[in-house]
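A.B. asks: Okay, handing you the structure first.
We did not get these values from a lab; they are worked out from the coordinates using the rules stated. All of these numbers come straight from a predicted model, not from anything done at the bench.
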Amino acid sequence: MNFRFRRFLATTTLAVACAAAGSAWAGARDDLKSFTSGLKGLDGQFSQQVFDSRGKVKESTSGRVALSAPRLFRWEYVRPHEQLIVADGKKVWMYEPDLEQATVREQGKEEQNSPLTALINPALLEQQYDVSEEAAQRDGLQWLSLSPKRETEASFQYAALGFNAQGLAKMEITDAVGQRTVISFSGWKRNPGFAAGTFSFTPPKGTDVIGN
């Protein structure tokens, strides 16, 4: 599977939280429960850096992310190169316009076991992950740590979610080879009205389609 796509599964769908502006921190776990109450969809911007096991930056990207219950998502890289990943509830598409190539596969277990389920249904969080709150703030954020209970089914070894008063501000993911992905989020819109076609994809004419 494409490396960026595997990393996308681990990163794009982690749980989102928000504490009331101006209130004291109640803890990242409480923030998660508060924000996900009644949550059906999210839309926002991201910037992402990938570090190798020695801490050297391998990749820097930015773009937009959209999520909708129960299994729809859209992860759109804008800079430095365009790339689009869309899940429509049945299939997952990855489109690379520069290569005029699209990869498609069934949306199966890997997505079902991803933290997206915790975003839409926080009750599943404790079932799928060992969850703990970091005792001290870091980078001015309150942190929630996740370790997959079924490591063989997970696409990451460790994740940390950093919250501020607006919700999920930063996410850190570490994979099996020690590579670390750090994503910063901004401009979250809760339960937005999505445009028609946001979570669907039709390959442009002339696109080489790989998969079924």
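A.B. asks: Past 32 Å, Cα to Cα: identify those pairs from Lys90/Lys170; Lys56/Lys91; Lys56/Lys205; Lys149/Lys170; Lys91/Lys170, in the order given.
C.D. replies: As for pairs spanning more than 32 Å Cα to Cα, those are Lys56/Lys91; Lys56/Lys205.
A.B. asks: Please list, in chain and number order, the residues 5+ apart from Arg105 or on another chain whose amide H is under 5 Å from its amide H, with Hs placed from the backbone.
C.D. replies: The list, which skips near neighbours in sequence, is Val92.
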